[in-house]
Amino acid sequence: MSLPGNIQNPPPVTQPRSDDESIRRQVLLISEASEVRTFLDAIPDIFLVVNSARQIVFANKSAFGFFGVSDPVELWGRRPGEAARCIHSNEAPGGCGESCSCQVCGAFQAICGGLAGCSPVEECRLLSLDGRPYDLRVWAQPFVLAGESFAILSIQDISDEKRRQVLEKIFFHDILNTAGGLHSVGEIMGVSAPEEMTELGGLVSQLSSQLLDEIHAQRQMLSAERGDLPVRMAPVRSGPLIDRLITTYRKNPVSNDRLIECAAPCDDVEFTTDPALLNRVLGNLLKNALEASRPGHRIEIGCHSDATGEIEFFVQNPGIIPESDQLQIFQRSFSTKGYGRGIGAYSVKLLTERYLQGRVGFTSNSGDQTRFFVRLPLEPSAQLCGV
């Protein structure tokens, strides 16, 4: 298993799985409580019962739709992350709950807390193997039946709530700030001397472009998550692309007192991709690096190609991402920058891997540097999602 940064030790293996006979006995035990089963089937939220080994022994009807099954037998004995096809559920031999990423999984923490006799409520960010992101809120409640310990889980999909938080942050903070700056410049222009108008006009143009770009980025993300984002392939040269990105982000307010430079050597290679989507991907990496850096820091962007038929772009900045954050960095709604953020790195992965046929990764432990990279084919196949 390839792990980011210097995270090498997975969490300790928890209680071994129950055998098939034990699972059948526990399923029967829970099913005999018919009044409870009827009540839970009538509730629109997802309800599961897991045994002391975190294996599912009951699921209500709402869970069938969420997990994409028609027969509950398909869920018996599986752990919740396995049933949801979480991308981390097969990283360790023991399955769900035993990979490094499980250390920071809210659902895993809630389940363990419930089985330990507590009643925790945790949030969980989950990315499925087919690329669908989920934000979940998980309640766990312990109970004992016939001398055996179980936890009942109530799971609510809060993806829409998290999307709304991100949009509120963007529109009520980022876009409002840009619009406020545009308004201020307009007021200044009304009382400025003619010789100042050229400079102020340039500032108006810059702020207007920034405003439009922020709005377009959100519309693009919504289309990307729905799976209907069009892909328009065209020849691109890597050198001029990087030069334009450096010029653009040197003017961005987030680059204040930070240096953006092209890493040497940097290959100038012609390849085929969607220029607009790649510009968005690399722009997000640059913006993230700038926000993670302090005044005076140097941020580098560059690229190189090799004999594998791929081109790699990278952005690096001083500093190391904390280990617990490394495990969540590409999850939707996760951010080291606080409430209502957390879409930049996720969008990089979504656009690159679903639409550009590439892959994304990072290192954050070498020489006090964090380095994100995007690898793309020089000539992608014709079978592109969104074409």
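The values are calculated or read from the model by the stated rules, or taken from the named source; none is laboratory data. Bear in mind that the values here come from a model prediction, so they are computed numbers and not experimental data. Positions of Cβ are backbone-derived with ideal geometry, glycine not excepted, and every protein chain shown enters the neighbour counts.
Of all residues in region 57-90, those that are β-branched (Val, Ile, Thr), within 15 Å of LEU136 (Cβ to Cβ) and in contact with a helix residue (DSSP H, G or I) (Cβ under 8 Å, 6 or more places away or on another chain) total 0.
For region 43-62, does any single residue satisfy the condition of being under 30 Å from ASP325 (Cα atoms), at pLDDT below 90 and either part of a loop (DSSP other than H, G, I, E, B) or not assigned by TED's automatic domain parsing to the domain that holds PHE330 (or both)? Among the residues of region 43-62, at least one is under 30 Å from ASP325 (Cα atoms), at pLDDT below 90 and either part of a loop (DSSP other than H, G, I, E, B) or not assigned by TED's automatic domain parsing to the domain that holds PHE330 (or both), which makes the answer yes. The single condition from (1) closer than 24 Å to LEU327 by Cα; (2) at pLDDT below 80 that HIS173 fails is (1). Selection of region 303-325 for residues being out of contact with any Pro (no Cβ under 7 Å at 6 or more places or on another chain), within 18 Å of ARG375 (Cα to Cα) and in a strand (DSSP E or B) yields CYS303, HIS304, SER305, ILE311, GLU312, PHE313, PHE314, VAL315, GLN316.
Residues checked against (1) farther than 18 Å from ASN288 by Cα; (2) of a type in the set (Ser, Thr, Tyr); (3) outside the structural domain of LYS349 (by TED's automatic domain parsing):
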| site | (1), (2), (3) |
| --- | --- |
| GLU168 | yes, no, yes |
| ILE188 | yes, no, yes |
| THR247 | no, yes, no |
| LYS251 | no, no, no |
| VAL254 | no, no, no |
| CYS262 | no, no, no |
| VAL269 | yes, no, no |
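In summary, GLY302 fulfils each of the numbered conditions (1) touching a strand residue (DSSP E or B) at 6+ places or on another chain (Cβ under 7 Å); (2) of a type in the set (Gly, Ala, Ser); (3) exposed (fewer than 14 other Cβ atoms within 10 Å of the Cβ) with the single exception of condition (3).
For region 352-387, a residue qualifies if it is at pLDDT below 90 and aliphatic (A, V, I, L, M), and the qualifying residues are ALA382, LEU384, VAL387.
For the condition of a type in the set (D, E, K, R) and surrounded by 12 or more Cβ atoms within 10 Å (Cβ to Cβ), ARG258 qualifies.
Consider region 208-224 and keep the residues that are modelled with pLDDT of 80 or more and among the aliphatic types (A, V, I, L, M). The one that is farthest from THR248 (Cα to Cα) is ALA224. Pairing each residue of region 203-214 that is in the same structural domain as THR248 (by TED's automatic domain parsing) with any residue that is buried (at least 16 other Cβ atoms within 10 Å of the Cβ) and assigned to a helix (DSSP H, G or I), provided the two are 6+ apart or on different chains, yields no C-beta distance under 7 Å. For the criterion of being charged (D, E, K, R), crowded, with 22+ Cβ neighbours inside 10 Å and either modelled with pLDDT of 95 or more or within 30 Å of ALA224 (Cβ to Cβ) (or both), ARG137 fails. Listed by first and then second residue, the pairs with beta-carbon distance under 9 Å, at least 6 apart or on different chains, first residue in region 336-365 and within 13 Å of PRO133 (Cα to Cα), second modelled with pLDDT of 85 or more and part of a loop (DSSP other than H, G, I, E, B), are ARG354/LEU229.
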